[in-house]
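A short write-up of the structure that comes next.
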Amino acid sequence: MDRASGRSPAGKSREQLVVTPITGHFGADVSGVRLDSPLAPATLTALRLALRHHRVLFFRRQALTHRQQTRFARHFGPLAPAHPWQNPVPGHPFVHGLVTGGGQPKNDEEHHRARWRSPDYLSGWHADVTAAVDPPSFGILRAEKVPSRGGDTTWADLVTAYEQLSGPLRRFLDELTAEHRYLVGYVPFGVTDSAARTATAAGLVAHHPVVRVLPESGMRALFVNPAFTSHINELSPPESRRILDLVFTHMTRPEFTVRHHWDTGDVAIWDNRATAHIAPEDHEHLGETRRMYRVFVAGSPALGPAGRTSTAVSGARYQAADQPPDG
Ligand SMILES: [Fe+2]
């Protein structure tokens, strides 16, 4: 358990940050801090260190507004656009709404048929917007409305997954690059053909090192994911398929994951360069709305251990957007 005190300008103790690891490898609950107002410098420093160390942080029952979520995200860097091609929440250019469930409970047969448009159970795992040459560095997600059951999000720890590969395989992967594009392995539930065409038309395609070095710590993380990574550039197609399947199966092993059951008001922040995540698909049949809002901190092209950097094959950079004074 880590603790850090934040002090008010008058010197009076205002809050005490408590960081409690959740799993054996990554993920931590953070208490003793309110995210609805600017963070004290000592608190921000402690949060940045906690994020570097634990990779995913959970803050329970915060109940932020769009503006407060945007302001909290800015503590970690300039913000990226809310989404590569979808509109943001009106009046809040950095906030992307994710609404699922609701309406009539889904017919089970229809639901399962739609799910199987994706090729396999691994296909929903992804890091966000890795089809861009500069994917977001951090994501901040908050729950405004949650179903009475289900709706959990799960993250995978791509640092530990990398470290627990054998040395020869790590060194092999260190040298490689891979192509990332939309709709490679994942067609989310409810995505229409026209939405799929829009995603493809956005034309984001990038090459990234298969392993990326995190600039703050020098740690290495796997930087491929089933949803976006189409193939490893330096291998033949069958070699690429088998190596990627091996890596994807390895990195999503239960011991490398943390699963969050959302309560209304919860906030999560994750390092999008060092983790992957998967959205829940267990609540659509309940007919209950799940409403989440996400903000991205802008990222940079990745750097691999062998000195290879991300390159754009097509499409614009997903870089920091103009930063208005208010979110
Ligand atoms: Fe995502």
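The values are calculated or read from the model by the stated rules, or taken from the named source; none is laboratory data. Note that the structure is predicted; figures quoted are calculated from it, not measured. Using ideal geometry, Cβ is built from the backbone for each residue, glycine included, and neighbour counts are taken over all protein chains shown. We work out accessible area using only protein heavy atoms, side chains counted, and drop any ligands, DNA or RNA first. Shrake-Rupley method; radii C 1.70, N 1.55, O 1.52, S 1.80 Å.
Between V95, V89, the distinction of being in contact with a Ser or Thr (Cβ under 8 Å, 6 or more places away or on another chain) and β-branched (V, I, T) belongs to V95 only.
Y121 meets all of the listed conditions (1) within 14 Å of the ligand (Cβ to nearest atom); (2) within 24 Å of H25 (Cβ to Cβ); (3) at pLDDT below 95; (4) of a type outside the set (A, V, I, L, M) but one, namely (1).
Scanning region 50-79 for residues that are touching a Gly at 6+ places or on another chain (Cβ under 7 Å) and either on the phi < 0 side of the Ramachandran plot or hydroxyl-bearing (S, T, Y) (or both) turns up H54, V56, Q62, H66, R67, T70, R71.
Within region 252-279, if we keep just the residues that are part of a strand (DSSP E or B) and of a type in the set (S, T, Y), the residue that is surrounded by the most Cβ atoms within 10 Å (Cβ to Cβ) turns out to be T275.
If you take the residues in region 30-51 that are more than 22 Å from A143 (Cβ to Cβ) and not in a helix (DSSP H, G or I), which one is most open to solvent (accessible area, probe 1.4 Å)? Here the answer is P38. Is one or more of the residues making up region 235-245 within 16 Å of the ligand (Cβ to nearest atom) and in contact (Cβ under 8 Å) with a residue 40 or more places away in the chain? No, region 235-245 contains no residue that is within 16 Å of the ligand (Cβ to nearest atom) and in contact (Cβ under 8 Å) with a residue 40 or more places away in the chain. Look at (1) surrounded by fewer than 17 Cβ atoms within 10 Å (Cβ to Cβ); (2) over 19 Å from the mean Cα position of the chain (by Cα); (3) polar (S, T, N, Q) and you find that T249 fails only one, number (2).
Take the residues of region 13-29 that are part of a loop (DSSP other than H, G, I, E, B) and among the hydrophobic types (A, V, I, L, M, F, W, C): which is most open to solvent (accessible area, probe 1.4 Å)?
Selected residue: I22.
When residues of region 293-307 are filtered for being part of a loop (DSSP other than H, G, I, E, B) and surrounded by 20 or more Cβ atoms within 10 Å (Cβ to Cβ), how many remain? Looking only at that region, the number is 4. Considered as a group, the residues in region 52-109 that are at pLDDT below 95 and in a helix (DSSP H, G or I) include one that is surrounded by the most Cβ atoms within 10 Å (Cβ to Cβ), and that residue is D108. Inside region 280-292, residues that are open to solvent by 30 Å² or more (accessible area, probe 1.4 Å) and within 16 Å of the ligand (Cβ to nearest atom) make up a count of 2. Any residue in region 304-319 that's basic (K, R): show its pairings with residues that are at pLDDT 95 or above and open to solvent by 40 Å² or more (accessible area, probe 1.4 Å) at Cβ separation under 9 Å, as long as the two are six or more apart or on different chains. Pairs that qualify, where the first residue is basic (K, R) and the partner is at pLDDT 95 or above and open to solvent by 40 Å² or more (accessible area, probe 1.4 Å), are R308/E175; R308/H207; R317/P301. Residues in region 308-317 that are of a type outside the set (K, R) and surrounded by 17 or more Cβ atoms within 10 Å (Cβ to Cβ): S310, A312, G315.
So is R273 closer than 27 Å to D36 by Cα and either modelled with pLDDT under 95 or away from the ligand (no atom under 15 Å from the Cβ) (or both) or not?
Against the criterion (closer than 27 Å to D36 by Cα and either modelled with pLDDT under 95 or away from the ligand (no atom under 15 Å from the Cβ) (or both)), R273 does not qualify.
Answer yes or no as to whether V30 is under 19 Å from the mean Cα position of the chain (by Cα), at pLDDT 90 or above and more than 16 Å from I269 (Cβ to Cβ). No: the conditions fail for V30.
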